[in-house]
Structures are given as structure tokens and as C-alpha cells.
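A short write-up of the structure that comes next.
Just so it is clear, none of the values below were taken in a lab; they were calculated from the coordinates. Quantities reported herein were computed from a predicted structural model and do not represent experimental measurements. Note that we place each Cβ from the backbone using ideal geometry, even for glycine, and neighbour counts take in every protein chain shown.
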Amino acid sequence: MQDFDKVWINARITIINKWNEIEVLENSFLGIKNKKISKIDKMKNFTKYKSKEILDVKNKLISTSLIDCHTHLVYSKSRSDEFEKRLKGYTYSQIAAQGGGITSSITSLRESSFDKIYKSSEKRLKALIKEGVTTIEIKTGYGLDTKSEIKMLEVMKKLEVNYPIHIEKTFLAAHAVPPEYKNDSESYINYICETMFDEVHKTGLINAVDAYCENLAFSCNQVEKVFKKAKSLGIRVKLHAEQFSSMGATTLACKYNALSVDHLEFIQEEDIKRMAKSNTIAVLLPGAYYFLRETKMPPIDLFRKYKVKIAIASDLNPGTSTLCSLQLMMNMSAVIFSLSVNEIFLAVTKYASQALGLQNSKGELKVGFDADFCIWDLEHTRDLVCSFRPTALNYSVYQGEKVNV
């Protein structure tokens with residue numbers, strides 16, 4: 001009987017030790033069986049084992065693959081015209097008031113065919129895969145009616161079938177108020193909870209539910225209605241919150257044991273304490289911070305003080321973070337947010353997996369975890385952070401198979 005289906009030998013293997021620190025195991029090998037990691041050990045012990053296939057990486061660096069835990073990757077067209085407006089001094093709120101922002105994306109998504117949306121989204125997904133991403137979260141939220149939200153989910157389903165990547169699909173109907181419910185957000189929330197939710201849930205494609213709790217979106221009371229509906233269906237929740245103001249939204253999220261709260265520039269210290277108690281991940285989105293030229297920093301030191309785990313994601317979307325690179329987010333997190341190399345690596349692996357509820361199968365090189373990893377032309381993972389070089393990836397492995405895109 002073979003010990004391994006495949007084994008990667010002569011490797012420098014990046015693990016997270018018991019102190020949650022990056023550690024590189026020199027001159028080591030990694031064996032897999034049945035698409036799971038089955039052994040990590042020193043080369044001097046390799047003679048004990050047999051394998052169907054042996055791959056010599058010749059001293060290259062192996063790490064667990066990257067996870068982008070917050071994206072809006074499925075959309076029809078960009079909003080580059082809004083980018084030009086912001087360069088002229090327009091604010092996010094002013095653009096939204098003129099029919100731009102999310103409303104523009106709703107119109108284009110509804111009017112576009114499935115194939116057009118798929119082809120547009122496919123390009124962005126391939127770019128992230130080429131950087132070493134093998135797990136990604138994608139949200140709905142540009143359809144905002146039953147038919148269009150399901151269309152988005154079906155695009156995600158086809159992308160997952162056609163590409164070597166795991167996609168967590170998040171239902172974000174409470175993203176904005178669609179034109180047909182203008183000035184009547186309460187009726188739209190009722191439509192989500194009483195009509196749309198059940199139909200979308202029947203597809204079996206929802207992994208989690210999200211909402212946008214902000215002055216220009218939905219109130220805490222409205223979001224709580226969505227969360228109650230989600231919990232009644234046994235679906236996990238997460239939240240966009242405290243991006244432009246402090247509304248107590250994080251307190252609400254923690255009450256419902258949210259997987260994550262995302263953005264968080266305006267979060268208060270008491271809310272951070274609650275996140276620590278509920279073990280909710282703080283997802284920081286440096287791309288949106290950079291793209292919108294924000295000036296108020298997320299309270300990094302308070303997250304550290306209360307030991308709230310931090311994840312980082314691209315927030316890839318057509319209007320406020322059209323930056324299709326998780327590696328770029330890693331560099332931004334160091335330069336803009338002053339996170340350490342260790343914090344950043346955890347933020348796109350171990351803690352990103354926890355932000356998706358996947359911490360028992362993804363985000364680390366551990367025995368029993370999915371065989372998802374990257375072979376890098378790098379000396380150390382710090383090189384992924386300090387320099388932006390998308391070609392640093394030699395190749396990645398998804399469920400034990402080499403990724404080709």
C-alpha cells in the first residue's frame with residue numbers, strides 16, 4: 001500500500017507554530033493522500049515512505065494557498081466613470097445620489113445576460129487564481145431581486161465548476177435599496193425576508209448571509225430582521241459595518257455570532273471587546289480604504305489589545321476597490337495599516353479561513369487539511385508582503401492537483 005498519492009520533496013515548508021508565528025521547515029517534504037495533507041516531515045525521514053508520484057521542488061518555498069474572504073467579484077461592468085469623478089472631488093455619497101454607486105451596478109447586472117456576466121467575472125477570477133488564491137468568497141448584492149440574485153449565484157456555481165477554486169457564496173440582498181423601492185427601504189427589507197430569501201435559499205447555493213449596515217444603506221433594526229431570517233434557516237451571518245460611521249452595527253453582529261465584521265474604520269472600543277468574546281473576525285479592506293482616499297484608520301492597536309483576529313481581503317468590486325490582487329492588499333496592509341508580516345500572512349490564510357467558517361479544513365498546512373498550497377519562487381513569505389510581484393508563484397495546488405489557468 002502506498003503511503004502517499006503524491007509527495008513534494010526537497011522543500012522549505014511554511015507552517016504556523018503553536019505561538020501563531022511563521023516558521024520555515026528547511027529540507028522537508030509534504031505528502032498527500034485522498035486530496036488531504038497526510039504528512040509533513042524532514043527529508044531525512046523520507047526513506048520510510050512510498051508514493052505514487054514524487055515532485056522535486058528543488059528548495060522552493062511551500063505555503064498554504066491564499067484565501068480572499070471578501071469580494072464582489074461577480075458583476076457586469078466597471079464604474080470607471082465614478083473613479084474619474086472621485087478624482088475631481090466627488091464623494092461616495094454624492095456619486096450615489098446621482099444614480100451611481102451600487103445603483104449603477106444593479107442596473108447593468110439586471111440588463112446583462114448570464115454569459116456576459118460570466119465572461120466578465122471569469123477574467124477577474126483567473127487573475128486571483130494566478131496569484132495563489134484557491135479559496136474565495138463572492139457576494140451577491142448587485143441584482144436585488146429574486147431572479148437577478150439567483151443569476152449571480154448561478155454564475156458563481158459555474159465558475160466553481162470550471163476553475164480549480166473553492167467559492168463560498170454569500171447572499172447580500174441587503175446591500176442597497178433598489179430603484180423600485182426608492183425611499184422605502186423598510187418595504188424592501190420585508191421583500192427580502194418574506195419573499196426573496198426563501199426562493200434563493202431553495203437553490204442550495206448560499207453559504208452565508210451579509211448586509212450593509214450604514215447610514216446610506218440599512219439600519220441596525222432592518223439588518224436584524226435579515227439576521228433573524230438567516231438564523232431561522234440555519235445560515236451563518238457576517239456584516240459590512242462601521243465603514244463611514246459608528247452605528248452599533250458590530251454589537252448587533254456579535255449578538256448573532258457573526259463570522260466576521262468587515263471594514264471597521266469607525267468601530268468603537270466596546271464593540272471590539274464584543275468581537276473578542278464572540279470570536280468574530282475583523283476583516284480589513286485596505287483596497288477600499290486606499291481607493292476612497294479614506295483618512296480614518298481602523299483601530300489596529302485595539303484589535304491587538306483585545307486579541308481580535310484580523311483577516312485581509314481585496315473587497316474586489318466595480319466601484320470602490322477595483323483592485324484584482326490579494327498580494328497587493330498584503331503590501332497595502334503593511335504600508336498603510338502597519339501590520340506585521342506575521343499578521344498579514346495569518347490574515348490571508350488561517351484567519352481568512354475562519355472568516356468563512358472553514359478553519360477546520362483550509363488556511364494551514366496541517367495533517368488532515370485540504371491539499372491546497374502554493375510553491376513560491378521566494379526566500380520567505382515576507383517577500384510576498386514587502387514586494388508586489390504576481391509572478392512570484394511557481395504554481396499552486398488545489399485539492400492535490402496542479403492548478404493550470
(message) I need Cys324, Cys386, Cys69 ordered by Cβ neighbour count within 10 Å, fewest first.
(response) Cys386, Cys324, Cys69
(request) Can you give me the three principal axis dimensions of the stretch 150-309 from its C-alpha atoms, in Å, biggest first? (result) 42, 42, 32
(request) Subtracting the Cα-Cα distance from 0.36 nm times the residue separation, let me have the gained length for Asn10 to Asp115 in nm, one decimal. (result) 33.4 nm
(message) Only bridges whose two residues both fall in the chain count here: according to DSSP, what percent of them are antiparallel, nearest 5?
(response) 45
(message) Compute the helix-to-body angle for 146-162: its Cα long axis versus the longest principal axis of the chain, expressed 0 to 90° and rounded to tens.
(response) 10
(message) Quick check: the angle from helix 220-232's long axis to the longest principal axis of the chain, C-alpha only, nearest 10 degrees?
(response) 50
(message) Let me check I've understood the local charge: for Pro318, count other residues with C-beta under 12 angstrom from its C-beta, Lys and Arg +1, Asp and Glu -1. What total comes out?
(response) 0
(request) Sequence neighbours fewer than 8 away in the same chain don't count; with that in mind, list the lysines whose C-alpha is under 24 Å from Lys309. (result) Lys18, Lys139, Lys169, Lys231, Lys238, Lys255, Lys273, Lys277, Lys296, Lys350, Lys362, Lys366
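At 222 nm, what helix-only mean residue ellipticity would the chain give, in deg cm²/dmol to the nearest 500, using -39500 (n - 2.57) for each DSSP H run of four or more?
When only DSSP H runs of four or more count, the value is -9500 deg cm²/dmol.
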(message) To make sure I understand, if each residue's beta carbon is the centre and we count other beta carbons within 10 Å, what order do Asp271, Asp184 fall in, fewest to most?
(response) Asp184, Asp271
(message) List the residues, sorted by chain then number, that are 5 or more residues from Ser260 or on another chain and whose placed amide H is less than 5 Å from its amide H.
(response) Leu239, Ile281
(request) Within the stretch 28-129, report the chymotrypsin sites (Phe, Trp or Tyr not before Pro) that DSSP leaves as loop and that have at most 10 other Cβ atoms within 10 Å. (result) none
(message) I need the calculated FRET efficiency for the pair Asp3 and Ser340, taking r as the beta carbon distance and R₀ as 51 Å, to the nearest 0.05.
(response) 0.85
(request) Filter the GluC sites (Glu not before Pro) in the stretch 17-69 down to the DSSP loop ones having no more than 12 other Cβ atoms within 10 Å, then list what survives. (result) Glu21
(request) Tell me which label goes with the value of Rg and Dmax of the Cα atoms in Å computed from the coordinates here: (i) 28.3, 83; (ii) 27.3, 81; (iii) 21.1, 70. (result) (iii)
(request) Can you put Met156, Met43 in order of Cβ neighbours within 10 angstrom, beginning with the fewest? (result) Met43, Met156
(message) What distance in nm lies between label points placed 7 Å from Cα along the C-beta direction at Ser232 and Lys126?
(response) 4.4
(message) On a straight-distance basis, which aspartates and glutamates could pair with Lys126 in a cross-link, Cα separation under 12 angstrom, same-chain partners fewer than 8 positions away excluded?
(response) Glu160
